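Notes for the one structure printed next.
The values are calculated or read from the model by the stated rules, or taken from the named source; none is laboratory data. On a predicted model such as this, the values are computed, not experimentally measured, just so you know. Quick reminder, even Gly has a Cβ in these numbers, built from the backbone with ideal geometry, and neighbours come from all protein chains shown.
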């Protein structure tokens with residue numbers, strides 16, 4: 001069956017009125033909502049590491065409040081001591097040279113708890129003149145190694 005605009009029905013939906021409402025509600029999700037509640041952590045930093053934006057998912061994982069983080073903390077403040085050392089000796093220099101990094105294992109500090117192992121990817125956003133503007137970072141929860149390794 002096809003939708004009124006000619007688009008096919010999503011597989012297995014049956015085309016009922018309730019399904020139409022659900023389908024339309026999914027399409028109406030805002031980009032901000034998708035960013036804030038993504039199944040991974042997102043943050044953007046200035047080139048000096050100062051956190052400019054962080055999503056709700058990552059804040060919840062770390063037990064932090066947005067007001068205590070944005071403009072007040074640097075990315076390295078979220079890392080364990082070992083993570084800070086790795087950031088200074090490998091992560092930051094490679095990111096400056098290559099403009100991106102993928103799948104780097106780091107531990108983040110949780111408020112009142114143990115470390116949170118994550119897989120981090122980062123990319124530098126450049127301006128029109130080629131100048132680095134900010135760093136975009138994604139963090140995937142790696143506390144359950146079975147969920148991200150090949151079986």
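Here's the yes/no breakdown for (1) in contact with a strand residue (DSSP E or B) (Cβ under 9 Å, 6 or more places away or on another chain); (2) closer than 22 Å to residue 39 by Cα; (3) modelled with pLDDT of 95 or more:
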{"residue": "69", "(1), (2), (3)": "yes, yes, yes"}
{"residue": "72", "(1), (2), (3)": "yes, no, yes"}
{"residue": "93", "(1), (2), (3)": "no, no, yes"}
{"residue": "101", "(1), (2), (3)": "yes, yes, yes"}
{"residue": "105", "(1), (2), (3)": "yes, yes, yes"}
{"residue": "134", "(1), (2), (3)": "yes, no, yes"}
{"residue": "137", "(1), (2), (3)": "yes, yes, yes"}
{"residue": "147", "(1), (2), (3)": "yes, yes, no"}
{"residue": "151", "(1), (2), (3)": "no, yes, no"}
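Restricting 14, 18 to those that are at positive phi and either modelled with pLDDT under 65 or in a helix (DSSP H, G or I) (or both) reduces the list to 14.
Looking across segment 28-58, the residues that are modelled with pLDDT of 95 or more, farther than 18 Å from residue 142 by Cβ and touching a strand residue (DSSP E or B) at 6+ places or on another chain (Cβ under 9 Å) come down to 44, 45, 46, 47, 48, 49, 50, 51, 52, 53, 54. Once segment 61-78 is narrowed to residues that are over 15 Å from the mean Cα position of the chain (by Cα) and under 17 Å from residue 106 (Cα atoms), the residue that is surrounded by the fewest Cβ atoms within 10 Å (Cβ to Cβ) is 77. Only a single item in (1) over 18 Å from the mean Cα position of the chain (by Cα); (2) outside any loop (DSSP other than H, G, I, E, B); (3) at pLDDT 85 or above is not met by residue 25, and it is number (3). Remark: pairs (first residue in segment 67-84, farther than 14 Å from residue 43 by Cα; second residue at pLDDT 95 or above and assigned to a helix (DSSP H, G or I); Cβ separation under 7 Å; 6+ apart in sequence or on different chains) = 84/76. Contact map, segment 41-60: residues that are crowded, with 20+ Cβ neighbours inside 10 Å paired with residues that are modelled with pLDDT under 95, Cβ distance under 9 Å, separation 6+ or inter-chain. Pairs shown: 55/35; 55/36; 55/37; 55/38.
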